[in-house]
Amino acid sequence: MKELYSNGFALSIAQAIEEMKAEQGDSFSLDRINLAELERRSGVSRGKLRRLKRNGFQDLPRSTKGRKHANTKLSGYTGIIDSLLQQGVKNSSVILDRLRHVGFDGGATIIKEYIASHKHLIPAKRQQIAPQGNRGRRYTTGPGEAYQMDWGFTDVLDYSGQTYRAACFAMICHHCGQRYIEFFPNARQENLFIGMIHAFQYMGIPRFVLTDNMKSVVLHRDLQGHPVWQKDYESFMKTVGFETKLCKPRHPFTKGKVERLVRFVKENFLVDRVFYNVTDLNWQALEWCNTQNGIYHRAVDGVPQQIHDVACSEQLRVLPETYPIRFYLCPERRISFDGFVNYEGRRFGVPYSYPGATARIERSGDTLYIYSADLKCLLTTHDVTWSRRDSFCEGQYKKFQEPEEFPTAPVRTQILQLPKRPGGLSFAKFDFDEEEPL
């Protein structure tokens, strides 16, 4: 008789067999064991016991163990995952979101297993040569005390095959991680003001804004090391009511959150992103911000939106809707000799009746508004089609009337006009127009 083993699953079976052997004595035989009684004592089904009896009641591994099915839920989607891995995208949540847009109904576990077995597709990391230096301490602030802002850039491939560069304005609350991003055709100072105002409308006005040494923010430092602000930016700070702190270059401990946000936008939001125009891209960016602000973040141990509403909002100020603020939202443009203003690389017509040399422009969604220089009069509106062709407006050019003569003396003559001749006249037979076709 084979020796009994109690490995793993067969432990209860071995105990039951020992009890039956003690009761039956020398008449006990493992080959003629009563499977019904063994089922009652061990609680294992009779079919399972019948299979184990052939192996001496040892729970041996199945012959199919380790084999994988030829078709899984990832079948047909591996090409998309391989393409994302080759681009350096290894975030399973990002890949899962992309696959669900094309009909994938699986979970994140199977994607994580696939990524772990295909790490050779991920590009190698850049090796750091210079050391980081001594250990530092991260810069911390209280609720609603400081925001961080920065620019990020991405290349856009349009439908005609040409590539152009777009700028992403990013701002994040230093305390809770509440974030806001917006895209612009370039990173000019006027777009910086528009992005900051929209961010303040979205999150509130803090006491400080942390940034690096942007050309549109600071010119240089004086002999004492104090920053010499760019005059337009200094006026903007006084108008809105906040202060700016400059961060040390190449020192991520102070402004690292917004730098990480820019990197997160490139690795999460912009990956495989398709859009029609800048307006559509900004709508998608706002929806992405609302989603990210409403989920749990381990770095702040909570939901940024909830923390911002409870703690930070008490220290923040609401941006007032005043004329000085609107001047920053509506940049000034000079009117050309042919009646156009240039905005975001496109030309829009201005009515001829406006006598000013400059006008102010504001784009809200897919509509462009042209105001007078003092913002008191709306001159015209344009539908932003994002075409490179010039957009004309009604009344853009003066209508020149042709010369016409009028009577210099009173008109005393008068003539009479009759209706159409009746058919009974003698000349009716010569009216060929009334003849019916043959």
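Loosely packed, with under 11 Cβ neighbours inside 10 Å and touching a Ser or Thr at 6+ places or on another chain (Cβ under 8 Å): does that describe G365?
Details: loosely packed, with under 11 Cβ neighbours inside 10 Å: yes; touching a Ser or Thr at 6+ places or on another chain (Cβ under 8 Å): yes.
Taking the combined requirement at face value, the residue satisfies it.
Under the condition of being small (G, A, S) and under 11 Å from A16 (Cα atoms), which residue from region 40-55 is surrounded by the fewest Cβ atoms within 10 Å (Cβ to Cβ)?
So in region 40-55, the residues small (G, A, S) come out as 42-43, 45, 47.
Retained after the next criterion (residues that are under 11 Å from A16 (Cα atoms)): 42-43.
Numbers: S42: 20, G43: 10.
Only one residue tops the list, namely G43.
List the number of the failed condition for G294; all other conditions in (1) out of contact with any helix residue (DSSP H, G or I) (no Cβ under 8 Å at 6 or more places or on another chain); (2) exposed (fewer than 15 other Cβ atoms within 10 Å of the Cβ); (3) of a type outside the set (D, E, K, R) hold.
All conditions are met except number (1).
Using beta carbons and a limit of 6 Å, which pairs, at least six apart or on different chains, have the first residue in region 191-213 and closer than 18 Å to P227 by Cβ and the second one among the charged types (D, E, K, R)?
Final answer for the pair search is R207/E145; F208/E243; F208/K245; L210/K245; L210/K255.
How many residues are among the aliphatic types (A, V, I, L, M) and in contact with a helix residue (DSSP H, G or I) (Cβ under 8 Å, 6 or more places away or on another chain) when one looks only at region 359-377?
Filtering region 359-377 for residues among the aliphatic types (A, V, I, L, M) gives 359, 361, 368, 370, 373, 375.
Now restrict to residues that are in contact with a helix residue (DSSP H, G or I) (Cβ under 8 Å, 6 or more places away or on another chain): 375.
The qualifying residues number 1.
Which residue out of G225, G195 is small (G, A, S), in the same structural domain as V262 (by TED's automatic domain parsing) and over 17 Å from the mean Cα position of the chain (by Cα)? Talk me through it step by step, then tell me what you get.
Working: G195 fails: over 17 Å from the mean Cα position of the chain (by Cα).
Only one candidate qualifies: G225.
What is the number of the single condition among (1) hydrophobic (A, V, I, L, M, F, W, C); (2) farther than 22 Å from E190 by Cβ; (3) more than 28 Å from the chain's Cα centre (by Cα) that A357 does not meet?
(2)
Scan region 242-263 residue by residue and report those that are surrounded by 12 or more Cβ atoms within 10 Å (Cβ to Cβ) and touching a strand residue (DSSP E or B) at 6+ places or on another chain (Cβ under 7 Å).
Within region 242-263, F242, T244, K245, L246, C247, T254, K255, K257, V258, E259, L261, V262 qualify.
Cβ-Cβ under 7 Å, sequence separation 6+ or interchain: first residue in region 260-280 and outside the structural domain of R363 (by TED's automatic domain parsing), partner among the β-branched types (V, I, T). Which pairs?
Between residues of region 260-280 that are outside the structural domain of R363 (by TED's automatic domain parsing) and residues that are among the β-branched types (V, I, T), the close pairs are L261/I172; V265/I181; K266/T154; E267/V89; N268/V94; L270/T154; V271/V89; V271/V94.
Name the residues in region 238-267 that are within 20 Å of S216 (Cβ to Cβ), of a type outside the set (D, E, K, R) and assigned to a loop (DSSP other than H, G, I, E, B), would you?
Within region 238-267, G241, F242, C247, P249 qualify.
Could you give every pair whose Cβ atoms fall below 7 Å, whose first residue belongs to region 388-399 and is without any contact (Cβ under 8 Å) to a residue 60 or more places away in the chain, and whose second residue is in a loop (DSSP other than H, G, I, E, B) and surrounded by fewer than 16 Cβ atoms within 10 Å (Cβ to Cβ), counting only separations of at least 6 or pairs across chains?
C393/P351; G395/P351; G395/Y352; G395/S353; Q396/P351; Q396/Y352; Y397/Y352; K398/Y352
What number of residues within region 179-214 satisfy the criterion of being assigned to a loop (DSSP other than H, G, I, E, B) and under 22 Å from D155 (Cα atoms)?
First pass over region 179-214, keeping only residues assigned to a loop (DSSP other than H, G, I, E, B): 185-188, 204, 206-207, 212-214.
If we keep only those that are under 22 Å from D155 (Cα atoms) too, we end up with 185-188, 214.
The number of residues fulfilling the criteria is 5.
Can you find a residue that is of a type in the set (K, R) and on the phi > 0 side of the Ramachandran plot anywhere in region 221-231?
Taking region 221-231 as the starting set, the residues that turn out to be of a type in the set (K, R) are 221, 231.
After this cut, where a residue has to be on the phi > 0 side of the Ramachandran plot as well, the list is none.
Scanning region 221-231 turns up no residue that is of a type in the set (K, R) and on the phi > 0 side of the Ramachandran plot.
Suppose we keep only residues that are at pLDDT 85 or above and among the hydrophobic types (A, V, I, L, M, F, W, C) within region 121-131. Which one would you say is farthest from T291 (Cα to Cα)? Don't jump to the end; show me each part of the working.
Here is the first cut: in region 121-131, the residues at pLDDT 85 or above are 121-123.
From what's left, among the hydrophobic types (A, V, I, L, M, F, W, C): 121-122.
Numbers: L121: 30, I122: 27 Å.
The residue in question is L121.
The values are calculated or read from the model by the stated rules, or taken from the named source; none is laboratory data. As the structure is a prediction and not an experimental result, all values here were calculated from the model. Quick reminder, even Gly has a Cβ in these numbers, built from the backbone with ideal geometry, and neighbours come from all protein chains shown.
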